[in-house]
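**Q** My questions will all concern the structure given below.
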């Protein structure tokens, strides 16, 4: 299976997984928070509209769509190249997969770990917990970004040879 096909398959799968993950924030809104929100949190309710998992769910969906676009571009290159195109970069695919799943692991199930360490860190001003949690997700966003840039550069060079 080509790298383009694998990017496409993973991208579609992660996008669909992201749709499934929307049940978490929906349940959170229906049931409510585990902790007292407090006045400070209610004052800053725009923080993802009160659900701690929104950031990770959105990233899984958008990351999956990005991988889908990269995969379809690579499949286009494979189809129309004269044999001189780049075969794609499996390392870029690995970085993208690790990035998307890492954001989800830290942001969604990891939320409960962070909440155990820093109770109510999301709903009350516990900057250490909130910053650690957000930086953990940010690290995996950077991993995804590097993978996407690697794939983009590979595809850009291959497209240049097709159009030449």
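The values are calculated or read from the model by the stated rules, or taken from the named source; none is laboratory data. Since the structure is predicted, the reported quantities are computational estimates derived from the model, not experimental observations. Virtual Cβ from ideal backbone geometry, glycine too; neighbours counted across all protein chains shown.
**Q** Just for region 116-164: of the residues that are in contact with a helix residue (DSSP H, G or I) (Cβ under 8 Å, 6 or more places away or on another chain), surrounded by fewer than 17 Cβ atoms within 10 Å (Cβ to Cβ) and at pLDDT below 90, which one is farthest from residue 70 (Cα to Cα)?
**A** If we take residues in region 116-164 being in contact with a helix residue (DSSP H, G or I) (Cβ under 8 Å, 6 or more places away or on another chain), surrounded by fewer than 17 Cβ atoms within 10 Å (Cβ to Cβ) and at pLDDT below 90, then 125 is farthest from residue 70 (Cα to Cα).
**Q** To continue, here is another question. Could you tell me whether region 49-57 includes any residue that is more than 19 Å from residue 127 (Cα to Cα), modelled with pLDDT of 65 or more and surrounded by fewer than 15 Cβ atoms within 10 Å (Cβ to Cβ)?
**A** no
**Q** Is it the case, given these coordinates, that residue 144 is within 15 Å of the chain's Cα centre (by Cα) and part of a helix (DSSP H, G or I)?
**A** Yes.
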